[in-house]
Amino acid sequence: MRSRNFRFLFVIASFAGLAASASAYIDPSTGGVLLNTIWPFVVAVFSAILAFFVKWFWKPIKKTFGRLKGEAKGK
């Protein structure tokens, strides 16, 4: 099965490599449109990663700051 998938991808890649070049015009605002389409996904991924780490490490962080607060009160 894996060999069959590899062959299929190889054939598709070969056809893509044989394709003639396109004579298309890409205007200057296309870069801005692509950037404005991609950056929300990047922000969402980083936000999800940050939320995961905050959730995962919240108790140790809270415990550490609680100890620091307790030490500061004791002095």
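Here, each number is a calculation from the coordinates, and none is a lab measurement. Remember, it's a predicted structure, so these values are computed and weren't measured experimentally. Cβ atoms come from the backbone with ideal geometry, glycine included; neighbour counts cover every protein chain shown.
Please tell me if P60 is within 26 Å of the chain's Cα centre (by Cα) and loosely packed, with under 10 Cβ neighbours inside 10 Å. No.
Restricting attention to the range 1-58, the residues being charged (D, E, K, R) and part of a loop (DSSP other than H, G, I, E, B) number 1.
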